[in-house]
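The values are calculated or read from the model by the stated rules, or taken from the named source; none is laboratory data. The model shown is predicted, which means the values in this text are computed figures rather than measured ones. Virtual Cβ from ideal backbone geometry, glycine too; neighbours counted across all protein chains shown. Areas reflect the complete protein model, heavy atoms only, side chains present, ligands, DNA and RNA absent. Shrake-Rupley method; radii C 1.70, N 1.55, O 1.52, S 1.80 Å.
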Amino acid sequence: MDVYEAVTSRRAVRAFDDRPVPKEVLERVLSAAAWAPSGSNLQPWHAYVLTGAPLAELKKRAGERLAAGDPWDEPEYEMYPSALKSPYRERRSAFGEHRYGALGIPREDGEARQRAASANWDCFGAPAALFCYLDRELGRPQWSDAGMYLQTVMLLLRAEGLHSCPQMAWAKFHRTVSEIVAPPPGLLLFCGLSIGFEDLAADRSRIGRAPLGATVTFIDA
């Protein structure tokens, strides 16, 4: 797949079918993704990949927590500033309107929105999931490195005909994930990444992006 096609066709897919993802494909993708850039070649990411029974058990435990109304785990990092300023506030709001509007859920129906959000912890039906951890002692530049690694993984998945969905939502259930993957205590969960073949019968609309001039400034001689 052409690099431009991989970039522009990548999106957060929230409906997967049950076709299994071959292990050799995941190994090929993650072996190539190791070449993602990182400052001083620290390679700060620690990835755990779940499929089959371990992933099913994680989904089961997460579902039981949701059904019981368990509170989210104590956050280990701040996902968004408490007072999100413009234009980021408007972009986040537009995303919510697009996401739930595509599902036919009105803004005032908080219960329906919560039910839709709960699909996060089923990985939207995906048969494979990657959980990205970082060393607690590392700083913001290394978090940026992890982002570049995850983007590389997502683009390579597109080259394999697969889709993905990055999910910080899993950080809200980091204790449950830790029960399955058993990471060393020095690591914290950044996000999950659902992986699989897109369910073509589901909604496939996508939200747009800001115009070039809103995010890029060219300074010419």
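Points worth noting:
- Residue ID - farthest from the chain's Cα centre (by Cα), chosen from residues in region 118-147 that are farther than 9 Å from S194 by Cβ and among the polar types (S, T, N, Q): Q142
- Matching residues, region 53-83, being touching a residue at least 24 places away in the same chain (Cβ under 8 Å) and of a type outside the set (D, E, K, R): P54, L55, L58, A62, G63, L66, W72, P75, Y77, M79
- Residue that is most open to solvent (accessible area, probe 1.4 Å) [pool: residues in region 183-221 that are outside any loop (DSSP other than H, G, I, E, B) and free of Cβ contacts under 8 Å to residues at least 40 places away in the same chain]: L212
- The sole residue among R65, R61 that is closer than 28 Å to R175 by Cα, in contact with a helix residue (DSSP H, G or I) (Cβ under 6 Å, 6 or more places away or on another chain) and charged (D, E, K, R) is R61.
- When residues of region 92-122 are limited to those that are hydrophobic (A, V, I, L, M, F, W, C) and open to solvent by 30 Å² or more (accessible area, probe 1.4 Å), the one modelled with the lowest pLDDT: A102
- Pick from region 123-182, criterion of a type in the set (D, E, K, R) and farther than 24 Å from A32 by Cβ, ranking: least open to solvent (accessible area, probe 1.4 Å): K172
- Within region 21-70, restricting attention to residues that are in contact with a strand residue (DSSP E or B) (Cβ under 7 Å, 6 or more places away or on another chain) and not hydrophobic (A, V, I, L, M, F, W, C), the residue that is most open to solvent (accessible area, probe 1.4 Å) is H46.
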